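Chemist: Take this structure, written in structure tokens, and hold onto it; I'll ask about it next.
What follows is calculated from the coordinates using simple rules that are stated; it is not laboratory data. Keep in mind the model is a prediction, meaning the values are calculated, not measured. Don't worry about glycine lacking a Cβ; one is built from the backbone with ideal geometry, like all the others, and counts go over all protein chains shown.
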Amino acid sequence: MRTGGKALVWAGSAVVVVGLGALAAPVISDLTGSLAGSPAKPLATATAVADASRTRPSPTSSPTDGTTHLVGLGQGVSIPAGGPGDCTASSDINIMSTGGGPYHATLLGPDLVDTGPRQFAEGTAGRDREGRISTYTVASGDALFAIGDRFCIFDALTIGLLNHHPAGAAIQPGEVLVLRPDPDAVFTDPTLGDPSG
């Protein structure tokens with residue numbers, strides 16, 4: 001190949017690399033918060049972990065403009081309006097670090113609702129002193145996605161993360177899962193690393 005042809009190939013390659021970098025910047029910014037100058041580093045949000053093995057509620061669309069209706073839950077988290085099954089709205093468990101500080105887990109959105117036992121979610125709900133749903137005792141055959149649907153939690157895999165189960169790890173009968181995290185308690189998990197960087 002002649003020198004001019006090589007220069008053209010190198011220039012074309014450089015354009016492709018710069019273009020890919022520009023496309024990746026918003027994703028990297030969302031993941032780290034550092035490119036956008038955000039002090040918050042979300043660990044798990046409603047959209048951070050996809051559960052492809054089940055059908056999520058479809059977001060509603062405006063018949064005129066095709067936009068998706070989202071509900072802002074706070075802490076920068078928005079989820080599709082509505083909820084799974086009998087739920088009219090969903091809650092979300094958000095685990096994040098703010099300003100490089102320790103991780104905290106917070107229940108965002110409406111209060112948890114128990115829509116009743118169902119296949120793969122036949123365990124027992126526990127309540128706190130105020131009568132709010134706070135824990136769930138796993139029954140044989142239960143699965144996180146069904147537990148999330150039962151209690152109107154948008155991203156059921158965050159229940160696993162909150163209870164120190166990496167994605168895909170099995171829950172066990174008799175295990176008590178926390179559904180309502182204490183937002184003041186420091187959330188620790190050896191797989192997370194240091195939030196300060």
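Chemist: Per 0.36 nm of contour for each residue apart, how much would the distance between Ala89 and Glu175 grow if the chain were fully extended, relative to their Cα-Cα spacing?
Modeler: On the way: separation 86, 0.36 × 86 = 30.96 nm, distance 2.68 nm.
This chain segment gains 28.3 nm when fully extended.
Chemist: Show me 106-118, 152-164 ranked by packing, highest mean number of other Cβ atoms within 10 Å first. Could you put the intermediate results ahead of the total?
Modeler: Working: 106-118: 16.8, 152-164: 22.8.
Averaged packing, sorted descending, gives the order 152-164, 106-118.
Chemist: Under a point spin-label approximation (7 Å from Cα along Cα-to-Cβ), what is the Asp128-Leu70 distance to one decimal in nm?
Modeler: 2.7
Chemist: Okay, moving on. Whole-Hz Karplus ³J(HN,Hα) for region 123-140, in order, using 6.51 cos²θ - 1.76 cosθ + 1.60 and θ = phi - 60°, x for Gly and Pro?
Modeler: Result, ordered by residue: x, 10, 7, x, 10, 8, 4, 8, x, 8, 4, 10, 9, 9, 8, 5, 9, 4 Hz.
Chemist: Taking amide H positions as placed 1.01 Å from N in the peptide plane, with prolines and chain starts having none, which residues 5 or more places from Ser90, or on another chain, fall under 5 Å of its amide H?
Modeler: Amide H neighbours of Ser90: Gly82.
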